[in-house]
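Here the structure is laid out as structure tokens; the discussion comes afterwards.
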Amino acid sequence: MAQDNSSQVTEFILLGLSDTRELQLLFFTFFLLAYAMVLLGNLLIIVTVWTDPKLSSPMYFLLCNLSFIDICYTSITAPRVLVALLSGHKAIAFEGCMAQLFFLHFVGSSEMFLLTVMAFDRYTAICRPLHYTAIMAHRACWALVAACWAGGFIHSIVQTVLMLQLPFCGPNTIHSYFCDVPPVIRLACADTTRTEWLMASNSGLISLGCFLVLVASYALILAKVRAHVSQGNWKALSTCASHVMAITLLFTPCIFTYLRPAGTLPTSKYVSIIYTILSPMMNPLIYTLRSSEVKESMWRLWKSCRT
């Protein structure tokens, strides 16, 4: 790894998803509709949870935080992509690229940690119901959420520091629609083998570790439900199944992208759409809108707004 921290590159060129004008308009429509759904769906959830005292349980507190994270996560990439597709301006300053990379990993890893906390919440509610109130107390929930953000910050600052230590003095064309570690690190004018392994150990192991913990927690819930069959437990089973779908949608492309050095296999920029756009768009449907309590609260909110 080079010791020279200076960089001759002042900006990068994001090639985006396609050079064909018709496809650019198609992608613009898709990103616009998806971003609008992320904003409206998650904002509706936040307003509903905060205005209805009946949704004061730890589960809804964590879901509210997940909605906030999804809004932040999608807003890091989607607005710039929309502007680039509409105007054709594909350049991003070096500092802006590093900032986008930092906040992408900061918010993204915080979401992974939060999903792990949410799985622990469900495990405690189903497998240890008598101790649920004591374990998931109000102060404990705030502490867990703060720990998620702190863990995301530490992870992201490590990634960014490793990137800033690399010299960028030659090509500046990024084969993606946003700045991320795999496409940017390929442009460094140095041997990046050691840095790639460090970053793969950082991002990849976090993605894989959180995924394994989530799968293990839902497996324990499944075992508990099968041992005590009832209507309520089968409802919990259905909820857990949808949650497993959501985490698979998020973690599988992340593990594929980050759990290996950047130069070993090409990373498809279309795979990135899954965890930057599709996953935040599906989270409101999978985690919250399937709940009858939330739908009833939204209906009461709608009637109160009309009166």
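Residues checked against (1) of a type in the set (Val, Ile, Thr); (2) over 17 Å from the mean Cα position of the chain (by Cα):
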site: ILE13; (1), (2): yes, yes
site: GLY41; (1), (2): no, no
site: SER56; (1), (2): no, yes
site: SER67; (1), (2): no, no
site: TYR73; (1), (2): no, no
site: HIS89; (1), (2): no, yes
site: GLU95; (1), (2): no, yes
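Of the residues contained in segment 248-262, none is found to be under 23 Å from LEU33 (Cβ atoms), part of a helix (DSSP H, G or I), at pLDDT below 80 and open to solvent by 50 Å² or more (accessible area, probe 1.4 Å).
Residues in segment 165-183 that are outside any loop (DSSP other than H, G, I, E, B) and either modelled with pLDDT of 90 or more or more than 17 Å from MET199 (Cβ to Cβ) (or both): THR173 only. Listed by position, the helices (runs of 4 or more DSSP H) enclosed by segment 51-137 that each have at least 3 residues that are buried (at least 22 other Cβ atoms within 10 Å of the Cβ) are 58-87, 94-127.
A quick yes/no check of all residues on (1) among the charged types (D, E, K, R); (2) touching a residue at least 12 places away in the same chain (Cβ under 8 Å):
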residue	(1), (2)
LEU44	no, yes
CYS72	no, yes
VAL83	no, no
LEU86	no, yes
LYS90	yes, yes
ALA93	no, yes
PHE103	no, yes
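The single residue among ALA137, ALA147, ALA143 that is under 15 Å from PHE106 (Cα atoms) and either modelled with pLDDT of 90 or more or not charged (D, E, K, R) (or both) turns out to be ALA147. Residues that are open to solvent by less than 30 Å² (accessible area, probe 1.4 Å), in a helix (DSSP H, G or I) and not aromatic (Phe, Trp, Tyr) do not occur anywhere in segment 9-18.
Considering only residues that are under 18 Å from PHE256 (Cβ atoms) and of a type in the set (S, T, N, Q), look in segment 172-226 and name the one that is surrounded by the most Cβ atoms within 10 Å (Cβ to Cβ). Out of the qualifying residues, it is SER203.
The values are calculated or read from the model by the stated rules, or taken from the named source; none is laboratory data. Note that the structure is predicted; figures quoted are calculated from it, not measured. Please note: Cβ atoms are built from the backbone with ideal geometry, for glycine as well, and neighbour counts cover all protein chains shown. Side chains included, ligands, DNA and RNA excluded: accessible areas come from the protein's heavy atoms. Shrake-Rupley method; radii C 1.70, N 1.55, O 1.52, S 1.80 Å.
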